[in-house]
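The values are calculated or read from the model by the stated rules, or taken from the named source; none is laboratory data. On a predicted model such as this, the values are computed, not experimentally measured, just so you know. In this analysis, Cβ positions are derived from the backbone assuming ideal geometry, glycine residues included, and neighbour counts consider all displayed protein chains.
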């Protein structure tokens with residue numbers, strides 16, 4: 001049975017002490033090695049893969065059906081992902097985004113809200129902007145483009161094996 005330390009007690013019972021008590025910060029060399037083993041993926045790379053995926057799904061919708069409005073609908077669905085994602089990435093990579101941890105967290109939530117609002121606004125505007133809009137084609141373009149982010153992760157530079 002685990003025990004809880006009394007209020008005001010600074011001692012930690014032995015059965016509660018865990019790995020966090022053995023925490024030690026990384027040295028500069030260890031941090032550099034970790035960065036080499038697990039490289040980051042640029043948000044712009046993810047957006048580029050989403051653009052390619054959206055373009056492919058729009059061309060496939062048009063080519064397979066022969067109906068131009070399906071291609072435009074799927075393409076607009078892709079744009080409803082790509083444009084807000086680009087705004088989000090731009091906001092997160094700006095110079096104010098990483099001033100301190102608090103600013104970074106606030107910036108992340110702010111730009112995520114902007115991204116969601118822009119996506120919803122684009123979906124609401126779709127019937128006015130696309131003649132003979134096909135909602136299923138637009139949603140397919142939207143979903144395929146969102147899932148293209150996983151392709152960007154799979155195409156990321158390979159990690160070094162040491």
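Yes/no per residue for (1) crowded, with 16+ Cβ neighbours inside 10 Å; (2) within 25 Å of residue 156 (Cβ to Cβ):
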residue	(1), (2)
37	no, yes
40	no, yes
114	no, no
117	no, no
123	yes, no
### Message
So, restricting to helices (runs of 4 or more DSSP H) that lie completely within region 20-120, which ones have at least 1 residues that are closer than 26 Å to residue 144 by Cα and either in contact with a helix residue (DSSP H, G or I) (Cβ under 7 Å, 6 or more places away or on another chain) or at pLDDT 90 or above (or both)?
### Response
43-65, 68-92
### Hey, residue 88 without any contact (Cβ under 8 Å) to a residue 24 or more places away in the chain and surrounded by 12 or more Cβ atoms within 10 Å (Cβ to Cβ) or not
no
